1. Taking the condition of being within 21 Å of W123 (Cα to Cα) and either assigned to a loop (DSSP other than H, G, I, E, B) or free of Cβ contacts under 8 Å to residues at least 40 places away in the same chain (or both), how many residues in segment 135-150 meet it?
2. Would a scan of segment 106-115 turn up a residue that is within 20 Å of A176 (Cα to Cα), out of contact with any Ser or Thr (no Cβ under 6 Å at 6 or more places or on another chain), in a loop (DSSP other than H, G, I, E, B) and basic (K, R)?
3. Please name all residue pairs, on different chains or six or more residues apart, with Cβ atoms under 6 Å, provided the first residue is in segment 30-54 and is within 21 Å of D193 (Cβ to Cβ) and the second residue is modelled with pLDDT of 95 or more and among the hydroxyl-bearing types (S, T, Y).
4. Residues in segment 59-84 that are within 23 Å of the chain's Cα centre (by Cα) and either polar (S, T, N, Q) or under 11 Å from V127 (Cα atoms) (or both): how many?
5. Which of the numbered conditions does V148 fail, given that it passes all the others? Conditions: (1) touching a Pro at 6+ places or on another chain (Cβ under 9 Å); (2) surrounded by fewer than 15 Cβ atoms within 10 Å (Cβ to Cβ).
6. For segment 68-104: of the residues being assigned to a loop (DSSP other than H, G, I, E, B), hydrophobic (A, V, I, L, M, F, W, C) and at pLDDT 95 or above, which is nearest to S142 (Cα to Cα)?
7. Taking the options T139, T185, name whichever one is modelled with pLDDT of 95 or more, out of contact with any Asp or Glu (no Cβ under 7 Å at 6 or more places or on another chain) and of a type in the set (S, T, Y).
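The values are calculated or read from the model by the stated rules, or taken from the named source; none is laboratory data. In this text, all values refer to a predicted model and were calculated from it rather than measured experimentally. Methodologically, a virtual Cβ is constructed for each residue, glycine included, from the backbone with ideal geometry; neighbour enumeration extends over all protein chains shown.
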Amino acid sequence: MSRKNIIGFTLIELAIVLIVVSLLLGGLLVPISTQMDMQARRSTNENLREIKEALIGFAIINGRLPCPSTQVNPADANYGVEDVTCTSPAVEGYLPWKTLGISETDAWGIARGSATDAWIGYWRYRVDRNFSVAFNLSTSFSSDSLSVQNSSGNSLTTSTEKPVAIVYSTGKNVTAEGKNADYETTGGLYQNDTQSTTFDDMLIWINRPLLINRLITAGKLP
């Protein structure tokens, strides 16, 4: 075989190798991206569990749940701190992460640097007004009437034991979806569902029996 043929064969072989390597790398990109998304969801789920415990801990210490944070200016001393009082009617705000000592955003979040920055990945928070002040065993729900459903309209909470607090992440697409996007027009109705291409919000809630039980266990209620 001539030198020319040897060189020609080598170049062809190299081209085939490069094609094979490119195909292999292309095949790996999807699993790596999927693994990153799974890790972000796991991290956000862990944060939500910590937030739930932090809210209950706050209630044990203060005898109430915190109000949302509505301060928009990161330079303000009250940024990330609960509002002094909850508005009436109660509105959805952001979780007072400084007050609770938890992470500022979910796994997809970007910390804001100015008052005009978007709220990317910040925890959304809503609390029943009657539980944002000192409450006891006989405290009933306010007219806020918080509730949670799935996309099929099945209730995940009951009419007799409604959520007293709701927290959720807007997920990878950092946009509230489904009933979470129009909670104002649905009278405090929120949505929790299986993750899909059309819904990736991640939501938790605290109900009255759990909250009361934890306060009784801590010796804060008779």
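1. Filtering segment 135-150 for residues within 21 Å of W123 (Cα to Cα) gives 144-150.
Next cut, either assigned to a loop (DSSP other than H, G, I, E, B) or free of Cβ contacts under 8 Å to residues at least 40 places away in the same chain (or both) only: 144-146, 150.
Total meeting the criteria: 4.
2. Just the residues of segment 106-115 that are within 20 Å of A176 (Cα to Cα), to begin with: 106-112.
Applying the additional criterion that residues be out of contact with any Ser or Thr (no Cβ under 6 Å at 6 or more places or on another chain) yields 108-112.
So of that shortlist, the ones also in a loop (DSSP other than H, G, I, E, B) come out as 108-112.
When the remaining residues are screened for being basic (K, R), the result is 112.
Yes: one or more hits.
3. T44/S169; N47/S103
4. Of the residues in segment 59-84, 10 are within 23 Å of the chain's Cα centre (by Cα) and either polar (S, T, N, Q) or under 11 Å from V127 (Cα atoms) (or both).
5. Condition not satisfied by V148: (2).
6. As a first pass, look at segment 68-104 and keep what is assigned to a loop (DSSP other than H, G, I, E, B): 68, 70-92, 95-96, 101-104.
If we keep only those that are hydrophobic (A, V, I, L, M, F, W, C) too, we end up with 72, 75, 77, 81, 84, 86, 90-91, 95, 102.
If we keep only those that are at pLDDT 95 or above too, we end up with 72, 75, 77, 81, 95, 102.
Values: V72: 27, A75: 34, A77: 30, V81: 23, L95: 20, I102: 27 Å.
Filtering first and then ranking leaves L95.
7. Working: T185 fails: modelled with pLDDT of 95 or more.
Unique residue meeting the criteria: T139.
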